[in-house]
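Encoded as structure tokens, the structure appears first; notes follow it.
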Amino acid sequence: EKKEMRVAFLLFLFCGLVSGINVNVNAWASKGTDFIFPEKSISSLNSRQNSGVCFVGGGNRAFVGGAGQLRALSDLGLIDDIRYFVGISGGSSLVSAYAYRQNNNVDSSFLNQGHEPENLTLNVLSQAPGENTILRAPYVAQTSVGSSIFFGSNSEFQIAQYLLTPHNITESAQLWIDMMNRVYFNPIGVKGNESMAWNSSHVADIIRRNPNLANHTFVTPVEKSPYVIIGGTRVTPLELWPFDATPAKNTFSRIEFTPLYSGEPYSRSFTYYQDPRMADAKTVTLQTGGYIESYAFGGIPVEGSQSIPATGSGTVNVSLFTGLTDGPASFPIKYMTGISSHAPAAGFASPTYAFAPYNLPSGDLVPRIPMYPLHNLTQSPSETLVADGGSLENTGIISLVQRKVKNIIVFDNAYNSIRNDTNIQCLFGVGLNATENSNVNNFYAHNQIFPSSAYYDLIGQLLDKQAAGQPAIAVLDVSTVSNDWFGVDAGFSVHLTWVYLSAPTSWINRLPAETREAINNQTTGSTFQNFPNYPTSQFFLSASQINLLAELTNFIVRNQSDVIKKGLGISTSSAEGFFVSTIFVVLFGFFFTQ
């Protein structure tokens, strides 16, 4: 009875449960690798290059570095031709802020002005990012209620102790999400309780089917935005907490949040294992999978609602919940980035704190969503713990490969050195061992989609460029290997461009002497200690730290424009076309005169 009361209470916190409102929603399900992605029918997206850009997770370092890269893509006129943006964790906050901003839809002012390196004096760098700009969010983070709780602490254990104190129990499952909303959404004119939709026509269709949502607020991406995919992680059913964390029993899976739909790419069965140290440890097999319109994600199927085909689409009736400040919605937009960026959640959900010496009910600190297979609504919804997208796969590239995206750029604004970058290693099956207990094996054990041999080509290119004082960028054409866990077929060819965060001497040498001296001062507590690879835990960045990092990444993309354009499948210059045309004319003239 006590457990049931706890579940009901936390569901109340998460969903704002007061009374149900029934709605009719579109839903899709896929089986095996026969994926259905609804955005594939959007002609304006299909007219773009078959390309996608991944903004890798990494807290405010990833956000700020990605902001500089976004500005460069915009200045180069490339964003309009990119089909997908994928964001994980800090990258999700970035692409969400870009796509869903409500108070500044002009890229040239929203994305902050770039400077040539010679102009980056310490005085210029110290200027606070302006209001209604993308860099304002990480700058104001240190003043946000809640951010000091999470990022001023030295460990997850200290965070857990704080959240479990009696005066904070009503905030325990919600505090992170609210904090992220205040930092990243409020400054761009989003309250956080709005729901996602693709465009005004989509909103009109939702309201046509559901007049009871006529007064609800929806937010749609800015005009010409790429299609945004945000990655989260499905961890385990609440009833199986604490879960068995051994690599062979890892059951993490991807949740995607997009303007049209949210959920899991395809239908299958998972066997979940409880930690064997628990008395009467349980094993549960559940069916999962399917997409549902994002505004209804987390809603409970209405009794008698019909399932959709295992591979196909249809409509289902679900019950939303009132109690939110902006009308009925079971999944407001703030939960999207709140879940994708919730780095402590996977730790809280793991056995680490459930047993001695901690003995904390830390499963209570993890967001949870009612989940169920859309192709089998006879299965009861399961309260499911969800966490940071980087707990499963931190680049988002697998989402693009599932969609058969040919040209992929990964902006890896990483903390680890190139040789120790687990974001890269796991995708190539390097360093994975199903019998060894480690974070990489526990969380990333299923992630290999490329052959291990290609790893050494990619890493070799990055190291060579870095050693030469040039931007660390690797380009390779690589074919996928089969991955049943993610439904990836073998043999799909990807043109991959990997941009690793480093400060090339070719840029540093152009900086003013005072700025170079400040960067070279790596003593503890210095302004630019660890630049540019600030630790992910360094959530608080000064104006100088933010501006210098964004300027670096902006400069690299602008000055490697030909590589970036080729990485997106775009012709690099009119000169190439002129050269080809000239050769054709000469040859044509030669043969014509013979």
- Message: I'd like the full set of residues that are open to solvent by less than 60 Å² (accessible area, probe 1.4 Å), polar (S, T, N, Q) and more than 22 Å from residue 56 (Cβ to Cβ), limited to the range 104-132.
- Response: 104, 109, 121, 126
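Matching residues to (1) touching a residue at least 60 places away in the same chain (Cβ under 8 Å); (2) in contact with a Gly (Cβ under 8 Å, 6 or more places away or on another chain):
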residue: 75; (1), (2): yes, yes
residue: 80; (1), (2): yes, no
residue: 83; (1), (2): yes, yes
residue: 93; (1), (2): yes, yes
residue: 107; (1), (2): no, no
- Message: Being touching a Phe, Trp or Tyr at 6+ places or on another chain (Cβ under 9 Å), of a type in the set (Gly, Ala, Ser) and modelled with pLDDT of 95 or more is true for just one of 468, 472. Which residue is that?
- Response: 472
- Query: Looking at the range 224-237, is at least one residue among the hydroxyl-bearing types (Ser, Thr, Tyr), in contact (Cβ under 8 Å) with a residue 12 or more places away in the chain and in contact with a Lys or Arg (Cβ under 8 Å, 6 or more places away or on another chain)?
  - Reply: yes
- Any helices (runs of 4 or more DSSP H) falling wholly within the range 327-418 and containing at least 1 residues that are within 24 Å of residue 73 (Cα to Cα) and open to solvent by less than 10 Å² (accessible area, probe 1.4 Å): 334-340, 397-402
- Item | Among the residues listed as 62, 67, the single one being closer than 20 Å to residue 177 by Cα, in contact with a Leu (Cβ under 8 Å, 6 or more places away or on another chain) and modelled with pLDDT of 95 or more | 62
- Query: Which condition does residue 216 not pass, out of (1) free of Cβ contacts under 8 Å to residues at least 40 places away in the same chain; (2) open to solvent by less than 40 Å² (accessible area, probe 1.4 Å), if it passes all the others?
  - Reply: (1)
- Note on the structure: Sole miss for residue 35 among (1) more than 22 Å from the chain's Cα centre (by Cα); (2) under 24 Å from residue 486 (Cα atoms); (3) not basic (Lys, Arg) is condition (1)
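If the requirement is being within 27 Å of residue 51 (Cα to Cα) and touching a residue at least 24 places away in the same chain (Cβ under 8 Å), which of these qualifies: 258, 288? Before the answer, list the steps.
On the way: 288 fails: within 27 Å of residue 51 (Cα to Cα).
The unique qualifying residue is 258.
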- Message: Which of the numbered conditions does residue 291 fail, given that it passes all the others? Conditions: (1) buried (at least 24 other Cβ atoms within 10 Å of the Cβ); (2) under 27 Å from residue 36 (Cβ atoms); (3) modelled with pLDDT under 90.
- Response: (3)
- Query: Does any residue in the range 265-279 that is open to solvent by 50 Å² or more (accessible area, probe 1.4 Å) come within less than 6 Å, Cβ to Cβ, of a residue that is part of a loop (DSSP other than H, G, I, E, B) six or more places away or on a different chain, and which pairs are these?
  - Reply: 273/244
- The lone exception for residue 67 - which of (1) open to solvent by less than 20 Å² (accessible area, probe 1.4 Å); (2) in a strand (DSSP E or B) it fails: (2)
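The values are calculated or read from the model by the stated rules, or taken from the named source; none is laboratory data. Keep in mind that what you see is a predicted model, and the values were worked out from it rather than measured. Don't worry about glycine lacking a Cβ; one is built from the backbone with ideal geometry, like all the others, and counts go over all protein chains shown. Accessible surface is based on the protein model in full, side chains and every heavy atom, while ligands, DNA and RNA are left aside. Shrake-Rupley method; radii C 1.70, N 1.55, O 1.52, S 1.80 Å.
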